[in-house]
1. Please list, ordered by first then second residue, the pairs with beta carbon atoms under 6 Å, 6 or more apart or interchain, first in the range 86-110 and within 23 Å of LEU224 (Cβ to Cβ) and polar (S, T, N, Q), second part of a loop (DSSP other than H, G, I, E, B) and modelled with pLDDT under 95.
2. For the structure I just gave you, tell me whether GLY288 is buried (at least 21 other Cβ atoms within 10 Å of the Cβ) and either among the basic types (Lys, Arg) or at pLDDT below 85 (or both).
3. Which one of these is surrounded by 20 or more Cβ atoms within 10 Å (Cβ to Cβ) and near the ligand (Cβ under 7 Å from one of its atoms): GLY95, GLY125?
4. Based on this model, can you work out whether THR77 counts as more than 17 Å from VAL277 (Cβ to Cβ), hydroxyl-bearing (Ser, Thr, Tyr) and within 12 Å of the ligand (Cβ to nearest atom)?
5. Surrounded by 16 or more Cβ atoms within 10 Å (Cβ to Cβ) and hydrophobic (A, V, I, L, M, F, W, C): which single residue out of PHE190, PHE216 fits that description?
6. Identify, from the list ILE181, ILE238, the residue that is more than 15 Å from the ligand (Cβ to nearest atom), touching a residue at least 40 places away in the same chain (Cβ under 8 Å), among the hydrophobic types (A, V, I, L, M, F, W, C) and more than 17 Å from ILE135 (Cα to Cα).
7. Checking GLY113 against (1) at pLDDT 95 or above; (2) within 14 Å of the ligand (Cβ to nearest atom); (3) part of a loop (DSSP other than H, G, I, E, B), which single condition isn't satisfied?
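The values are calculated or read from the model by the stated rules, or taken from the named source; none is laboratory data. Every value quoted in this text rests on a predicted model; they were computed, and no experiment measured them. A quick note on method: Cβ atoms are made from the backbone with ideal geometry, for glycine too, and the neighbour counts reach across all protein chains shown.
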Amino acid sequence: MDTTTRKTKNNRSNNSNKNKPSGQRFKNSSNNNAKPGFKKDRRNRPKKAKQVSNLDPKLLVKKAVQKETKDFRAERTFEEMPINFKLKDLLAKKGFERPSEIQDRTLETLLAGKDLLGIAQTGTGKTGAFLIPIIEQMLRNPIQNKTYALVMAPTRELATQIQDEFKSMTKGLNLYSSCFIGGTNINTDFRNLRRTPHVIIATPGRLLDLENRRAFKLNNIHTLVLDEFDRMLDMGFINDVKKTLQLMKSRKHTLLFSATLDKKQQGFINEILNNPVTVKVSNGETTGDHIDQEVIYMEQGENKFDTLLSLMDEQNMDKLLIFEEAKFKVKKLTAMLNKKGIKADEIHGNKTQNARQNALNRFKQGKVRVLVATDVAARGLDVSDVTHVINYQLPMTFDSYIHRIGRTGRAGKTGKAYTFVDAKT
Ligand code: AMP
């Protein structure tokens, strides 16, 4: 569970961390009461004055607790649930025996066609929670030459992952999906649309691009899912989402899923959903209790890269995700790691979608030990067995922090997250 090595343990037993050499100032207390300092996220805007995070490092220190939502064990198996036997078989092939809590508590609601506000942390099976009832509905009421559902996700990788999950749950069922995401050849999308997909999974920009080109119509689609909706209603996406909602006014069923719930968005959520059922399986405003979180204070002049290398060594970091704030820093850190003989790959907005997907696949398959990324990899990505997440710099917002560290400690495992902080912060 806790991979803490001798060195870290020593530090925990000794509270005077401040004057230790680099890599030894791992702070761990349970003082998590202070409010996070929210700051507008402008990380990817180039050539602006340097942004400084005002996040309180005390918030990023927490000891993993074994009590967590993953301990939930549904009283029924998929075999006992009101779904098609073929779907049951496919879920069994995926190794799904019992529904996760969010799946268990939402199936009947969704099969009854009720709108849903689903709050569940990443790794709790929320993708299955919306895909299983959608697939079941399509098996119960076969449709022809029509798209039944649209799933919108904020990142390309998340959209691809949702489509992979859909494909594995519909093998041999004659149900088809298309995934429309930026950074890919739009002609392929046109070709895919020739055979009307039953489910479209898309990021907002490409979806509306295709709609503007009259490649397909949104108004006939029955079900709309907004995954990671807090992000979808925020920043650059809000206008695209509003436009999509406008174009889908006659939709019959709307599902919002997210790990976090921003109270400021409640008004808009009320406009989108019709008499919804709310299902909350975790407190979307706190970080996962199952993730050990520590802060590493760096004194001025200390070599952060050396500290990182020794930390990687000491903590047996088998599968490590490192977050950096800027694209060029991701590139640089990846090159430095590779130079040291540590297999690392990178994901950021300057990479083509192909390169991003390849890097992710190599990381998933264990062909590289380290994935260095900007926040494009922070949300929703499901890579099993990420043992550690490192914030190489203090993240700009607490929300971003929650999503980043949520890449570890998935599927009931305990994860570990470190955040490098300037000692003067
Ligand atoms: P998600 O939260 O949707 O990203 O899912 C996290 C991981 O849990 C994915 O690898 C899913 O394939 C897996 N998963 C989802 N539902 C179940 C289930 N009922 N039983 C076992 N694994 C599941």
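1. SER100/THR124; SER100/GLY125; GLN103/GLY125
2. Against the criterion (buried (at least 21 other Cβ atoms within 10 Å of the Cβ) and either among the basic types (Lys, Arg) or at pLDDT below 85 (or both)), GLY288 qualifies.
3. Testing whether each residue is surrounded by 20 or more Cβ atoms within 10 Å (Cβ to Cβ) and near the ligand (Cβ under 7 Å from one of its atoms) leaves just GLY125.
4. yes
5. Numbers: PHE190 fails: surrounded by 16 or more Cβ atoms within 10 Å (Cβ to Cβ).
Only one candidate passes the filter, namely PHE216.
6. Within the list ILE181, ILE238, the selection yields ILE181.
7. For GLY113, the exception is condition (2).
Yes/no per residue for (1) at pLDDT 95 or above; (2) part of a loop (DSSP other than H, G, I, E, B):
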position	(1), (2)
VAL65	no, yes
LYS70	no, no
LYS88	yes, no
LEU107	yes, no
THR124	no, yes
ALA129	yes, no
ILE132	yes, no
LEU139	yes, no
